[in-house]
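One structure follows; several queries about it will come next.
Read-outs throughout are calculated quantities, based only on the coordinates presented, and are distinct from any laboratory measurement. Fair warning: this is a prediction, and the values are worked out from it, not measured in the lab. Glycine gets a Cβ as well: all are built from the backbone with ideal geometry, and neighbour counts include every protein chain shown.
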Amino acid sequence: MSPVSRFTPSTGRVPADDGTACTFAQKALARAAGLSEMPAVGSIVTARPEVVLSHDNTAAIVEIWRQLDQARVAIPDRLAITLDHAVPAPTPRHAANHAAIRRFVAEQGIRRFYEAGRGICHQVLSEEAEVSPGDLILGADSHTPHFGWLGAFGAGIGRTEVAALWATGELWLTVPDSLRVCIEGELSPWVSAKDLALTLIGREGADGALYRCVEFSGACVDRLGLSERMVLANMMAEFGAKASYLAPTGEVFEYLADRVAARKARESGFSESDIDSERQHVLERLRERALYPDPGAPGMEIRIDASRVQAQVSCPHTVDRTMDVSQLGRIPVDQAFLGTCTNGRLEDLELAHRVLRGRRLSSGTRLLIVPASSQIMAEAAERGWLVDFVAAGAMIGTPGCGPCMGNHMGVLAEGEVCISSANRNFRGRMGTRDAEIYLASPAVVAASAVAGRICSPEEVVL
């Protein structure tokens, strides 16, 4: 029996002013548009995001923006720019691109700029607490739904749309339908949020949530750690979602309050008592701004029994071509890759360390580990994990996107097979069209590197 089941309650549109129960998307976009009444699903609003995200594509956006005859960005305090997709610069062309971005940042006085090596945009903005529950963040990156992990409305948009935001500070958005995914039960050992996401996408298809906001709930979701919440929200970009949402928990509020208070302390030279007071103030503000969907709001429902979910693999060349690892058969692996905005966090490295410590990579299989941020890399080094990874035969890369998008630092040769913790496996994704990419959790990636073939951790960690 499939762990996924579907229900279709009310699917009607929500009128703007009749008091009907409203979705998270309606509430978030109403706030961003400054509306006193809830917009109907399917209506268009003029929204002003709290954060506008771009990365190495910023230089290309600048060229579009200048065609709008602009000299100054309308909202420099709301821009966040991270160099992460090709770092360190692998070619003179990439180096020139980075240099152009640095000049633009200095010219426009953009404070939220994160240099090469700091890490992947979604992870860095989370660590820096640049986004809060209830915020609207629009980004020139398709995985911006990532910020649903903390109860924010994050959506990917095109470069032209970002240029328009730079010029005006606002953008038209259609209020999306919502898809509610309720996950009950408890995950089995070595089964993770990555497996939940692949199970959902595999059953419903890669366009199963096309231009919808995916709202997660249920006892299993409530128990997920911060890292696992990020995985679930991030992967919804591969489900066609416009945005995703997990109700912020006490742990989320504490995580953000700690970081905001610490940043303000660095900037203002607070005393310890001042930091405690500021932290409490931030915590109260975060709780006040959080948004929650109403019970009975419209949308299709999907239910997942987490206890029935098995470790998953997404097979070439589409993310929804999934199956249980146990059903895959013997697939030899040339390269294993652990990292990306989906699965490059400390908890992911911890899982890999449990598998790799005291073991060696299989002959003929290489393993590349790229932490999602400099903070994660530093913590892993402090714990001694990086030494153990190197002892096992792994290579460690600069925090960033690395080989995920086929730029550098681990692209594949023709005919090679890679098991990856990334989010995409379409043909040519890692630089070579005649290579095969399988997607899986960090535990499966690490185990496969030891076994030399795709396998579950239970086969390696006895």
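May I ask you to derive the FRET efficiency for Ala21 and Ser363 from their Cβ-Cβ distance with R0 = 60 Å, giving the value to the nearest 0.05? Walk me through the numbers on the way to the answer.
Details: r = 59 Å, r/R0 = 0.98.
Computed FRET efficiency for Ala21 and Ser363 comes out at 0.55.
Right, next: Which of the trypsin sites (Lys or Arg not before Pro) found in region 81-139 are in a DSSP loop and have at most 15 neighbouring Cβ atoms, other than their own, within 10 Å? Show your work: numbers first, answer last.
Numbers: sites: Arg93, Arg102, Arg103, Arg111, Arg112, Arg118; in loops: Arg111, Arg118.
The qualifying sites are Arg111.
Would you mind ranking Val444, Val411, Val124 by Cβ crowding within 10 Å, fewest neighbours first?
Numbers: Val444 30, Val411 18, Val124 23.
Lowest to highest Cβ neighbour count: Val411, Val124, Val444.
What nm distance separates the two modelled labels at Arg72 and Val387, each placed 7 Å from Cα along Cα→Cβ?
Taking the simple label geometry, Arg72 and Val387 are separated by 5.3 nm.
If you take the square roots of the eigenvalues of the alpha-carbon gyration tensor of region 320-462 and sort them as a ≥ b ≥ c, do you get rounded (a/c under 1.5), prolate (a/b over b/c) or oblate? Before the final figure, lay out the partial values.
Details: a/c = 1.62, a/b = 1.17, b/c = 1.39.
Cα axes put region 320-462 in the oblate bin.
Also, quick follow-up: Show me the ranking of peptides 417-425, 349-357, 316-324 by mean Cβ neighbours inside 10 Å, starting with the highest. It would help to have the intermediate numbers written out before the result.
On the way: 417-425: 25.8, 349-357: 21.7, 316-324: 17.6.
By packing density, highest mean first, the sequence is 417-425, 349-357, 316-324.
Then there is this: Restrict the search to region 398-438; then list the GluC sites (Glu not before Pro) that DSSP places in a loop and that have at most 11 other Cβ atoms within 10 Å of their Cβ. Could you put the intermediate results ahead of the total?
Working: sites: Glu414, Glu416, Glu436; in loops: Glu414, Glu416.
Passing sites in region 398-438 are Glu414.
Based on the Cβ-Cβ distance of Glu288 and Leu210, what FRET efficiency does E = 1/(1 + (r/R0)^6) give at R0 = 45 Å, to the nearest 0.05? Please report the intermediate quantities before stating the final value.
Values: r = 33 Å, r/R0 = 0.74.
After rounding to 0.05, the efficiency reads 0.85.
Which order do the peptides 453-461, 260-268, 69-77 take when ranked by the mean count of other beta-carbon atoms within 10 Å per residue, highest first? Intermediate values should be presented prior to the final figure.
On the way: 453-461: 19.7, 260-268: 14.9, 69-77: 12.9.
Per-residue mean Cβ counts within 10 Å order the peptides as 453-461, 260-268, 69-77.
If you don't mind, there's one more thing I want to ask. Rounded to the nearest 5, what is the percent of antiparallel bridges among the DSSP beta bridges in region 305-452?
That works out to approximately 25 percent antiparallel.
Per residue of the chain, what 222 nm ellipticity follows from adding -39500 (n - 2.57) for every DSSP H run with n ≥ 4, rounded to the nearest 500?
Values: 15 runs with 158 residues, N = 462.
Theoretical 222 nm ellipticity from helices: -10000 deg cm²/dmol.
I'd like the distance between the alpha-carbon centres of region 40-106 and region 290-363, rounded to an integer number of Å.
The two parts, judged by their Cα centres, are 31 Å apart.
Can you list which of the DSSP-assigned H helices in the chain have a Cα extent of 20 Å or more along the long axis and an average Kyte-Doolittle score of at least -1.0?
Working: long enough: 92-108 (24 Å, -0.68); 250-268 (27 Å, -0.62); 272-289 (26 Å, -1.72).
For the chain, where a helix must reach 20 Å along its axis and average at least -1.0, the hits are 92-108, 250-268.
Also: By its C-alpha gyration tensor, with a ≥ b ≥ c as the square roots of the eigenvalues, how is region 100-239 shaped: rounded for a/c under 1.5, else prolate for a/b larger than b/c, else oblate? All intermediate terms of the calculation are to be shown ahead of the outcome.
Working: a/c = 2.36, a/b = 1.66, b/c = 1.42.
Prolate, because a/c is 1.5 or more and a/b exceeds b/c.
Which lysines, on any chain, are close to Lys194 with Cα under 21 Å apart, when same-chain ones fewer than 8 places away are left out?
Straight-line reach from Lys194, under 21 Å: Lys242.
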